[in-house]
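> The structure's right below; bear with me while I get my questions together.
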Amino acid sequence: MRRVELAKKDSQRRIQRSDGSPNPPSSAPPEGIETHGGEEKEGNSHSGFLATGPVHPITNDILNRFGPIRVTHESSEDALVPLMAGAIGLIVRGNTPVSRRVVEAGEQLRVIGRSGVGCDNVDLAAATARGIPVIYTPGAASRAVAEGAMAYLLALAKRLTELDAKTKSGHWRTRDQMQVYDLQGATIGIVGLGRIGQEFASLLKPFEMRVLASDPYVPIKQAERVGAELVDLERLFSESNFVVLVAPLTKETRGIVNRRLIELMKPRSVLINVGRGALIESLDVLFDSLKNGNLGAVGLDVFPDEPPDVSHRLFSQPNFLCTPHILGLSVSATRNIFRMMSEGMAAILDGKVPSNVVNPEVFQKQSVPSV
Ligand SMILES: NC(=O)c1ccc[n+]([C@@H]2O[C@H](COP(=O)([O-])OP(=O)(O)OC[C@H]3O[C@@H](n4cnc5c(N)ncnc54)[C@H](O)[C@@H]3O)[C@@H](O)[C@H]2O)c1
């Protein structure tokens, strides 16, 4: 399971009570837990938030009036279940799975905060059944991920990593043997024309590309506004020189990009995935497609399992470029995400109804509890 290290140093610096003194031994958290911020309430030393990875300092600034935030790097169900005791809020970092058992273990749980937009790792049905709102952060990282997709597009079209290695190893003659590709006049297909997909389509405008998009839930007018033509998935794959995946992972989209679809692509097409790793059937399909020239290059920010097994043959391919699911974690996006999530969680604990709730149906079931 992915152990999120972002801002670890910062959180370690902040493993102390808000008055600056170290945690007294009597309230020392269990092994594997870091505590920072907030005043521990007497007689209720475990009341507060559990975070499955470090949080931005702004989260502490916003939430510490409700209780301390305890950071764990544990991600297994068995490890998380006992840590849920007394937690009024759960902050879900990265792809830590939050199962029904974890949700049900939080007897005091009033709110779950997801630092991101993809909620495929949270058992929403379990949270809804218990009337627990799940806060997420739509739009907070859209621009950052769109810029990341653009970086992949340019790097792979111009074959920057391959040519960098060739140039540095003295293969100057590569300039007569390899070709770089053009964006102008080429066709690009975007799978998932939501917030990120639309932001990305807008960034493409100066490049004078033909933009196709596949998204069964977006109205034609919305696609037209960002210069994209809505088509079905088969047509998108068969007509595009570049394909960018930015759909959410759902039952419908899991494995949606399979061998058959990739075989429809033009020779030496470029495939980029910044959505969720499991949108693609397997890493084997990508390796085979690079080897047989069906794909010219692959870029992945996301993987079916994170971290991925880097001994897979794909990782030794020079035309494979990857990053550790980081595109949504730019400086400003990180701050936006944690501010939006924390304000939403605080609103719930204050008995208000914020707009960024994944399962608003919980508000029809019960009045919102305040603390
Ligand atoms: N790489 C990263 O760091 C990073 C950061 C943020 C989000 N993401 C991923 O990107 C995804 C999209 O984010 P967003 O903010 O644009 O979400 P969004 O909800 O605004 O957009 C998702 C779009 O995908 C569409 N969609 C749903 N099913 C589809 C299907 N079968 N085929 C094609 N399109 C389909 C939806 O209609 C929607 O328009 C997230 O769910 C998340 O998994 C990745």
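The values are calculated or read from the model by the stated rules, or taken from the named source; none is laboratory data. Nothing here was measured: the structure is a model prediction, and the numbers come from that model. All Cβ positions, even for glycine, are placed from backbone atoms using ideal geometry, and neighbour counts span all protein chains on display.
> Quick check: anything in segment 169-190 under 23 Å from residue 297 (Cβ atoms), modelled with pLDDT of 95 or more and within 22 Å of the chain's Cα centre (by Cα)?
Yes; the residues of segment 169-190 include at least one that is under 23 Å from residue 297 (Cβ atoms), modelled with pLDDT of 95 or more and within 22 Å of the chain's Cα centre (by Cα).
> Now for a separate question. Can you name every residue in segment 164-200 that is crowded, with 16+ Cβ neighbours inside 10 Å and either assigned to a helix (DSSP H, G or I) or among the basic types (Lys, Arg) (or both)? Spell out the reasoning first.
Step one: filter segment 164-200 for residues crowded, with 16+ Cβ neighbours inside 10 Å, giving 166, 181, 183, 186-200.
166, 195, 196, 197, 198, 199, 200, listed by residue number.
> Would you kindly identify the strands (runs of 3 or more DSSP E) lying entirely within segment 68-125 that contain at least 1 residues that are of a type in the set (Gly, Ala, Ser)? So that I can check it myself, show each step before the final result.
Values: elements: 69-72, 87-92, 111-114.
Where strands (runs of 3 or more DSSP E) fall fully within segment 68-125 and carry at least 1 residues being of a type in the set (Gly, Ala, Ser), they are 87-92, 111-114.
> Would you please name the residue that is farthest from the chain's Cα centre (by Cα), looking only at residues in segment 145-168 that are within 25 Å of residue 197 (Cβ to Cβ) and small (Gly, Ala, Ser)?
Filtering segment 145-168 for residues that are within 25 Å of residue 197 (Cβ to Cβ) and small (Gly, Ala, Ser), the one farthest from the chain's Cα centre (by Cα) comes out as 157.
> Here's a follow-up. If you scan segment 257-272, which residues turn out to be at negative phi, part of a loop (DSSP other than H, G, I, E, B) and surrounded by fewer than 20 Cβ atoms within 10 Å (Cβ to Cβ)?
Once the filter is applied, which keeps residues that are at negative phi, part of a loop (DSSP other than H, G, I, E, B) and surrounded by fewer than 20 Cβ atoms within 10 Å (Cβ to Cβ), segment 257-272 yields 258, 264, 266, 267.
> For segment 273-302, which positions are farther than 12 Å from residue 245 by Cα and either surrounded by fewer than 21 Cβ atoms within 10 Å (Cβ to Cβ) or within 14 Å of the ligand (Cβ to nearest atom) (or both)? Full working, then the answer.
Taking segment 273-302 as the starting set, the residues that turn out to be farther than 12 Å from residue 245 by Cα are 281-297.
Scanning segment 273-302 gives 281, 282, 284, 287, 288, 289, 291, 292, 293, 294.
> Oh, and also: Taking segment 126-144, which residues are under 20 Å from residue 195 (Cβ atoms) and in a loop (DSSP other than H, G, I, E, B)?
Residues of segment 126-144 under 20 Å from residue 195 (Cβ atoms): 134-144.
Answer for segment 126-144, where residues must be under 20 Å from residue 195 (Cβ atoms) and in a loop (DSSP other than H, G, I, E, B): 136, 137, 138, 139, 140, 141.
> Say whether the condition of being more than 15 Å from the ligand (Cβ to nearest atom), β-branched (Val, Ile, Thr) and under 25 Å from residue 250 (Cα atoms) is met by at least one residue in segment 154-165.
Taking segment 154-165 first, the residues more than 15 Å from the ligand (Cβ to nearest atom) are 154-165.
Applying the additional criterion that residues be β-branched (Val, Ile, Thr) yields 161.
Right, trim to under 25 Å from residue 250 (Cα atoms) and you get none.
Taking every residue of segment 154-165 in turn, none turns out to be more than 15 Å from the ligand (Cβ to nearest atom), β-branched (Val, Ile, Thr) and under 25 Å from residue 250 (Cα atoms).
> Six or more apart or on different chains, Cβ under 7 Å: which pairs go from a residue in segment 322-347 that's outside any helix (DSSP H, G or I) to one that's hydrophobic (A, V, I, L, M, F, W, C) and away from the ligand (no atom under 11 Å from the Cβ)? Could you list them?
Within 7 Å, the pairs are 329/6.
> In segment 211-231, is there at least one residue being under 20 Å from residue 298 (Cβ atoms), part of a loop (DSSP other than H, G, I, E, B) and not polar (S, T, N, Q)?
Looking for residues that are under 20 Å from residue 298 (Cβ atoms), part of a loop (DSSP other than H, G, I, E, B) and not polar (S, T, N, Q), one finds none in segment 211-231, hence no.
> Can you go through 140, 149, 125 and tell me which one is more than 28 Å from residue 240 (Cα to Cα) and within 11 Å of the ligand (Cβ to nearest atom)? Please lay out each step first, then the result.
Details: 149 fails: more than 28 Å from residue 240 (Cα to Cα); 125 fails: within 11 Å of the ligand (Cβ to nearest atom).
Selected residue: 140, the only one of 140, 149, 125 that is more than 28 Å from residue 240 (Cα to Cα) and within 11 Å of the ligand (Cβ to nearest atom).
> Mind checking which residues of segment 245-271 are more than 11 Å from the ligand (Cβ to nearest atom) and either under 21 Å from residue 145 (Cβ atoms) or among the aliphatic types (A, V, I, L, M) (or both)?
Correct list: 261, 262, 264, 265, 270, 271.
> Separate question: Which residue pairs have Cβ atoms closer than 8 Å, lie 6 or more positions apart in sequence or on different chains, and pair a first residue in segment 254-268 that is among the charged types (D, E, K, R) with a second residue that is within 11 Å of the ligand (Cβ to nearest atom)?
Between residues of segment 254-268 that are among the charged types (D, E, K, R) and residues that are within 11 Å of the ligand (Cβ to nearest atom), the close pairs are 254/278; 254/279.
> If you don't mind, another one. Of everything in segment 175-210, what is within 11 Å of the ligand (Cβ to nearest atom) and of a type in the set (Phe, Trp, Tyr)? Give them in sequence order.
Scanning segment 175-210 gives a single hit, 200.
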